[in-house]
Amino acid sequence: MKMKENIWAYAGIGCSLVLAGCIAGVLGYSPVFLGLLALNILLIAINRQGFGATSGAIVRTLVGCVFVFSGYVKGVDPLGTHFIIHDYLEAYQMPWLVSLALPLSFLLNLVEFCVGMLLVLNVWTKWTTYLAALMMAFFTVVTFFDAIANPVPDCGCFGEALILTNWQTFYKNLVLDALVLALVFALPKLGKGFCCKVQAGLAAGIVLLFLGFEIYNYRHLPISNFLGWKDGRRMLVENPEPIRYYLTYRDKETGAVQEYCDKDIPFSDTAWNNRWEFVSRRDEDPNPRIIEVSLLERMDDEDGGYDVTDAVIGREGLHFLVVVYDWEKASGKTLAHIWDKLADAGALGYGYDLLVATDSETPVSDMEAFKEKMNDAEVAYYFGDDTGLKSMIRANPGVILMNGPVVVKRWNGRDFPDLKSIKPE
């Protein structure tokens, strides 16, 4: 009987892994898949006596690795996690906690990574398992409501490294629930890996090292860049296909509606022009969209502006793009540091254009005042939504050097170097 119980315990682990692999193909709500996930949890619960030292070690390592991965990809980008937590707090109408979004980001990433590492190393396994179970219970409830109501489209559970839908996130948590449950059942049969002093030393070392890791990534740029803007990447499609424009017209006499490709409209037909009236226009861009931001050129605060994204990103030659996703919170000292470094460009014989992209909520008058303060009438400024700007670089301000539409190098504003050290080709 013991062999049979062990076999079924391993079957539960195997089913969890198979279901985890199937999540990639189930984007939305699926009662069948939910039923399979529930049966998997039931299978593990029924065969709780079958989990021994070996199966428990397997589950401990699997759960630990998932926590380590999740903690790392968020910890390498604490600002990104901060943005997600901020969105959650606003979606759940908890504005009094918004100011704590950044500390909560550091804490969540730290706890998640440390729980994972301690499980992998078999350090304080009993208490770490209980903490993992509590975390999973909380996040399972939260992601269930996310899947139902969709208050935040991206939960950010794996940062920018792996994007899941809200239903996929909920399914993933159910798989983890099953594995954590198996780990709880196996706890009595798991031995200690190290003596108490060694366990305390390992735990303290992991906490300090990862906290330092997060601080470094926050103050500079993520050492692992999971964003679309990467050094050496071309941000516009090469040899793009022409955009197709479709216009809808209505017959004034019959009310019939007809859509035409702009090239097929019989503008030269006087009778047709008298009979048909314009209704709407639809643009169809066959080229894949690489960048996630739209940049607008505005003349004043009353002007909505017009889209100049491709012209700005694809500008010929070398150009520095200074990104400020929140002008009010941007460090004036850091902006002055950037301009001090750029002031050397003329003496060094560098030819470049200087562009600023900032949040669309920033008044045009503030940008004009900034130009006057920096005594730089040549700088061109553009406006975009803060979400798109945050996807370009995790710094406020940040600097991107581009050669045409190709990203050459990126810096956190505080790290922007002397131009002599920059040798663009």
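Quick rundown of the values:
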| item | result |
| --- | --- |
| Test: residue in segment 40-63 that is without any contact (Cβ under 8 Å) to a residue 40 or more places away in the chain, under 30 Å from K390 (Cα atoms) and hydroxyl-bearing (S, T, Y) | no |
| Condition broken by Q93, with the remaining ones in (1) of a type outside the set (V, I, T); (2) at pLDDT below 95; (3) out of contact with any Phe, Trp or Tyr (no Cβ under 7 Å at 6 or more places or on another chain); (4) assigned to a helix (DSSP H, G or I) satisfied | (4) |
| Residue list for segment 251-262, restricted to those being in a strand (DSSP E or B) and open to solvent by 40 Å² or more (accessible area, probe 1.4 Å) | V257, Q258, E259, Y260 |
| Unique match (being without any contact (Cβ under 8 Å) to a residue 60 or more places away in the chain and loosely packed, with under 10 Cβ neighbours inside 10 Å) among T270, T358, T248 | T270 |
| Filter pass, A38 being part of a helix (DSSP H, G or I) and loosely packed, with under 15 Cβ neighbours inside 10 Å | yes |
| Hits in segment 304-322 (condition: open to solvent by 50 Å² or more (accessible area, probe 1.4 Å) and more than 29 Å from F416 (Cα to Cα)) | G304, Y306 |
| Scope segment 366-394; condition outside any strand (DSSP E or B), touching a Lys or Arg at 6+ places or on another chain (Cβ under 8 Å) and in contact (Cβ under 8 Å) with a residue 12 or more places away in the chain; matching residues | V379, I393 |
| Test: L187 is of a type in the set (A, V, I, L, M, F, W, C), within 28 Å of L37 (Cβ to Cβ) and crowded, with 22+ Cβ neighbours inside 10 Å | no |
| Residue within segment 117-129 that is among the hydrophobic types (A, V, I, L, M, F, W, C), loosely packed, with under 14 Cβ neighbours inside 10 Å, over 18 Å from the mean Cα position of the chain (by Cα) and assigned to a helix (DSSP H, G or I) present | yes |
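The values are calculated or read from the model by the stated rules, or taken from the named source; none is laboratory data. Worth saying up front: this structure is predicted, and the values here are computed from it rather than measured. Neighbour counts run over all protein chains shown; Cβ positions are idealised from the backbone, glycine included. For accessibility, only protein heavy atoms count, side chains too; no ligands or nucleic acids. Shrake-Rupley method; radii C 1.70, N 1.55, O 1.52, S 1.80 Å.
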